[in-house]
Structure formats: C-alpha cells, structure tokens
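Asker: Input: one structure, supplied below.
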Amino acid sequence: MAQTNAATAVSNVFKTPELKDKILFTLLCLLIYRIGAHITAPGVDIQALTDFFRNQSQNGGGLLGLYDLFTGGQLSRATVFALGIMPYISASIFVQIAGAVVPQVEKMQKDEEGRKKINQWTRYATVFLAAVQAWGFALFTESLQGAIANPGFGFRLQMAFFLTTGAIFVMWLGEQITERGLGNGASLIIFFSIVERIWPGIGTTFNYVSKGVIGPFSLLVLAAVMVLVVAGVVAITMAARRILIQIPQRTMARGRMREAARSFIPLRINTAGVMPIVFAQSIIVVPGAIAQFSGNPTAQRLAELFTPGSVWYLISNAILILFFTYFYTSIIFNPIDLAENLKKQGGFIPGVKPGAKTAEYIDTVVSRITLPGAIFLTVIALLPVVISRAANVPFTFGGTSLLIVVGVALDTLAQVQQHLLLRKYDGFMKKGRLKVRGSQTAGSGF
C-alpha cells in the first residue's frame, strides 16, 4: 500500500508541468556542477594532494578536511570548483551576523530594495573571499613537496583565477536553482557533494572488512549506531515546540468579533541547524593548523592536546558547540520582531500580554528548547569520534554530514509536497501533508 502511494505521488510530480520543469532544471544545474567537479585545475599533481588529505583524514581531518567534505572531495582533487559554494555560504553568514549587530543592515533586511542591495553585497563578499581562499590554496599546494611542477607567482595567479572563477560560477548555479529550480541552491549543492561520497565510503568499509581491519562485531556496532543517529537526526530536525496563538476576526454580521480557529507558532528545537558544529570544528582545528604551518615545538605540543579523540578535544568541542548554538540562534531568531508582527495582526498568546511581554515569553521558551538541541548537536558531533576510537576503526561517519543531508532532503521534499497540494494531488504522505520542523512546510538552507 505504501509503495502504491509513493508511486502515485511520483507520477503526480510529472503530471504537474511547473513542478516537472523545476525538477529537471535543478537536475541539469547539478549535473553541470558535478561535471565541473571532475575538471582539474592545471599545474597540480593530484596524487600528492590526495595523499596529504588521506593522511589528514586519518588524524581527524582538520579544517581542510571539513572544507573538503562540503565540496565533495573537490579540494583534495584541485578541481576548478574546488572552493565549491563555501565562499558564498561564508559571505551569507557574515551578512546575517552584520544584520544582528548593525541596526542599519537589520533595517535593510526588512525592505525589498534593501534586501536586493544586501544580496549584491553578499555577491561582492563572495568574490573577495573566493579570491583570498584561492590564493591561500595556491600557497598551500606549493608547500606540499612534489605537488607543483613550476611554483611561483605565475602559478599562484593562475590557480587563484581558476578557483575564483569556479566559485563565482557555482554561486550563480546556486542562485539559479533557488530562483528557477526546486529548493535552496546552496544547500542542494552541498547535499549532492556529500551524497556523492557515500558509495565510495561503503566500498572502503567492505574493503576494510575483507582485509580484517574491521571485525564483524565492530561493523554491526557501527551500523546500529548509524541507524540510531539517523533516526535521532530526523526526529530533532522535525521537532518543534508549538506555541498556541489566537487571532480575533471580524464577522460579516453586526461587526462583532469572534475567536478565530487556533493557530500555532512552531519554534524549532534545532534552530541553529548544523552551523554550531561547523563553527566549533573550524576553531578547534586552529592549533593544529598553526603547528603545521609554523613548525613551532610549543604549537605542536598544544596541537597534540587537541588531537581528535583526546579528552581536551572532546571537552573544548562540546563547550564550543553549546556556546555557538545559543549564539547563532540569537542571531537568526528575533523574538521582538515576531512579537511585533503578531501584535500587528491582532494576535496574542493566551495569558500573555502583547508586545514586550510576548517577546519575553517567546525568548524564554526558545532559550529552554535550545538546550536539548545544543546537547543533541554535541552528541552528534562527538559520538562518531568516540565510537571510532572505541571500536578501533580507521574512519568516522560524520554527524555533520547527516544533519545536512537529512535537513536538505526534508526541506526539498516539503516543497515538492506543497506544489502537489496546491494542485490538489495526493502527496507523499498519507494525510496529504508533510510536517517538517514543526510546520507543514520548511524553510531552505541549513
């Protein structure tokens, strides 16, 4: 019965011309992205880069390993799309932070013309960040022995040009998917970059089993943990605390007010998404990066304290994730604006005065539900490291990757569901609605 409903829903997708065109356009853009992901920038010995990243992954990955994850392994292959969508994501995050800190930027975010100008600023910042990162990657490849045949200013300029151009093109592809395709373009690009590495990872796992590196019991434990982690990610991603609101409506007869049907404000348990883990891991790898490029003995001893799996690594990472969860939630969620919008609509929370009291109440609820979300993110980030060390396996499965994949998949599926319901087709779910993250539809992004 479930298979029949799914088949019917899929057939309904292609019965909707607009939705079919959006899906085909999105797939075309992603195909172009994956083609570019296999075109190597000139002048680089790929084997030397691959060997370096392989050694890095065995020692926890580091910042470059995290970046390589989001680009689908393109950084380790030095492709023309090696920087991927990350410069655009970084620029967008900086703009979000600026909106929370600078009142003028916050005001512009609420205006249509202001948002257009901010989007243009984001593009300029993307070009700048891409150029800086491309130049830094050129210097990094020159530091690897045997990676560059003809190092020098000419090679750096050439590498910076190819990588910056590639990053701008990827940004353009992402914007095209968002405007003309299905889902959030930046998120889908990262999603497919991560998913592409699943099958090679499965092959590597079975290769380890055949060579006796991983025992059958360890493999079963890892499989069980992965299933539990995926189930937990889905549950937390969809979980929300619903606040009851009431909006009085005027009846047509006699002009009297009557109570409207009850509605809810869904407050997500994991409002910050995957960003706290990204921020924490970006900081935790700094000692190792300094030690690697400086060669200072003191820095190397400090880096050894923060080796993945060590006590100091686990403690500091947990503290950073908890901190950034609250920090990023406070940036992207504004209870004052929510309370003001509710007041303008004439709505109210039963038992709470409109205005400042409502904002204070919502802020208290968000602070309380953020704690279990922060603890969950901490467990997701650290559990793979602990399990891999306890089971003595030479790799870790990424909780960060799972959060991104599950979140983007649910968001995209929700958009497909919405298109089907607008045209009165049956969706993928039995009751015709997909409740994602506490509401019928979900937002895009992380």
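Asker: Can you name the residue in region 353-365 that is within 17 Å of residue 241 (Cα to Cα) and of a type in the set (A, V, I, L, M, F, W, C) and is also surrounded by the most Cβ atoms within 10 Å (Cβ to Cβ) among such residues?
Answerer: Applying the filter and picking the extreme gives 362.
Asker: When the residues of region 1-49 are narrowed to those that are polar (S, T, N, Q) and modelled with pLDDT of 70 or more, which ends up surrounded by the most Cβ atoms within 10 Å (Cβ to Cβ)?
Answerer: Looking at residues that are polar (S, T, N, Q) and modelled with pLDDT of 70 or more, I get 26.
Asker: Among the residues of region 338-350, is any modelled with pLDDT of 85 or more, over 18 Å from residue 241 (Cβ atoms) and in a loop (DSSP other than H, G, I, E, B)?
Answerer: Checking region 338-350: not a single residue is modelled with pLDDT of 85 or more, over 18 Å from residue 241 (Cβ atoms) and in a loop (DSSP other than H, G, I, E, B).
Asker: Identify the residue in region 149-159 that is modelled with pLDDT of 80 or more and of a type in the set (A, V, I, L, M, F, W, C) and, among all such residues, is surrounded by the fewest Cβ atoms within 10 Å (Cβ to Cβ).
Answerer: Across region 149-159, the extreme among qualifying residues is 153.
Asker: Here's a follow-up. Return the residue satisfying two criteria in turn: it lies in region 395-413 and is at pLDDT 75 or above and more than 11 Å from the chain's Cα centre (by Cα), and of such residues it is surrounded by the most Cβ atoms within 10 Å (Cβ to Cβ).
Answerer: Only one residue fits best here, namely 411.
Asker: Shifting gears a bit: Based on what the data block shows, is residue 167 buried (at least 17 other Cβ atoms within 10 Å of the Cβ), in contact with a Pro (Cβ under 8 Å, 6 or more places away or on another chain) and assigned by TED's automatic domain parsing to the domain that holds residue 80?
Answerer: yes
Asker: Another question, if that's okay. What are the pairs, 6+ residues apart or on separate chains, where a residue within region 322-333 that is modelled with pLDDT of 85 or more and of a type in the set (A, V, I, L, M) has its Cβ under 8 Å from a residue that is assigned to a helix (DSSP H, G or I) and surrounded by fewer than 18 Cβ atoms within 10 Å (Cβ to Cβ)?
Answerer: Qualifying pairs under 8 Å: 322/375.
Asker: Residues in region 138-148: is at least one charged (D, E, K, R) and either more than 30 Å from residue 20 (Cβ to Cβ) or crowded, with 16+ Cβ neighbours inside 10 Å (or both)?
Answerer: yes
Asker: While we're here: Can you tell me which residue among 134, 167, 125 is within 16 Å of residue 42 (Cβ to Cβ) and in contact (Cβ under 8 Å) with a residue 12 or more places away in the chain?
Answerer: Only one candidate passes the filter, namely 134.
Asker: Spot the failing condition for residue 203; the list is (1) out of contact with any helix residue (DSSP H, G or I) (no Cβ under 6 Å at 6 or more places or on another chain); (2) touching a residue at least 12 places away in the same chain (Cβ under 8 Å), and only one is missed.
Answerer: (2)
Asker: Looking at region 143-159, is at least one residue of a type in the set (Phe, Trp, Tyr) and within 24 Å of residue 34 (Cβ to Cβ)?
Answerer: No - not one qualifying residue is present in region 143-159.
Asker: In region 228-238, which residues are touching a residue at least 12 places away in the same chain (Cβ under 8 Å) and surrounded by fewer than 18 Cβ atoms within 10 Å (Cβ to Cβ)?
Answerer: Across region 228-238, the qualifying residues are 230, 232, 234.
Asker: Being surrounded by 15 or more Cβ atoms within 10 Å (Cβ to Cβ), in contact (Cβ under 8 Å) with a residue 12 or more places away in the chain and assigned to a loop (DSSP other than H, G, I, E, B): is that true of residue 84 here?
Answerer: yes
Asker: Next up: So, in region 259-298, exactly how many residues are at pLDDT below 70 and among the aliphatic types (A, V, I, L, M)?
Answerer: Qualifying residue count, region 259-298: 7.
Asker: Continuing with this model, one more query. What about residue 169, is it of a type in the set (Phe, Trp, Tyr), at pLDDT below 85 and not in a loop (DSSP other than H, G, I, E, B)?
Answerer: No: the conditions fail for residue 169.
Asker: Any residue at all in region 301-313 that is among the hydroxyl-bearing types (Ser, Thr, Tyr), surrounded by 16 or more Cβ atoms within 10 Å (Cβ to Cβ) and modelled with pLDDT of 85 or more?
Answerer: No, region 301-313 contains no residue that is among the hydroxyl-bearing types (Ser, Thr, Tyr), surrounded by 16 or more Cβ atoms within 10 Å (Cβ to Cβ) and modelled with pLDDT of 85 or more.
Asker: Continuing with this model, one more query. Are any residues in region 141-163 closer than 17 Å to residue 79 by Cβ and touching a residue at least 60 places away in the same chain (Cβ under 8 Å), and if so, which ones?
Answerer: 141, 144, 147, 148, 155, 158, 159, 162, 163
Asker: For residue 55, indicate whether it is surrounded by 15 or more Cβ atoms within 10 Å (Cβ to Cβ) and at pLDDT below 75.
Answerer: no
Asker: Same structure, new question: I'd like the full set of residues that are surrounded by 16 or more Cβ atoms within 10 Å (Cβ to Cβ) and over 16 Å from the mean Cα position of the chain (by Cα), limited to region 176-196.
Answerer: 176, 177, 181, 182 - these are the residues of region 176-196 that are surrounded by 16 or more Cβ atoms within 10 Å (Cβ to Cβ) and over 16 Å from the mean Cα position of the chain (by Cα).
Asker: Looking at 127, 105, which is the one that is part of a helix (DSSP H, G or I), surrounded by 15 or more Cβ atoms within 10 Å (Cβ to Cβ) and out of contact with any Pro (no Cβ under 9 Å at 6 or more places or on another chain)?
Answerer: Step by step, each of 127, 105 is checked, and only 105 is part of a helix (DSSP H, G or I), surrounded by 15 or more Cβ atoms within 10 Å (Cβ to Cβ) and out of contact with any Pro (no Cβ under 9 Å at 6 or more places or on another chain).
The values are calculated or read from the model by the stated rules, or taken from the named source; none is laboratory data. Note that the structure is predicted; figures quoted are calculated from it, not measured. Heads up, the Cβs are rebuilt from the backbone with ideal geometry, glycines too, and the neighbour counts pull from every protein chain shown.
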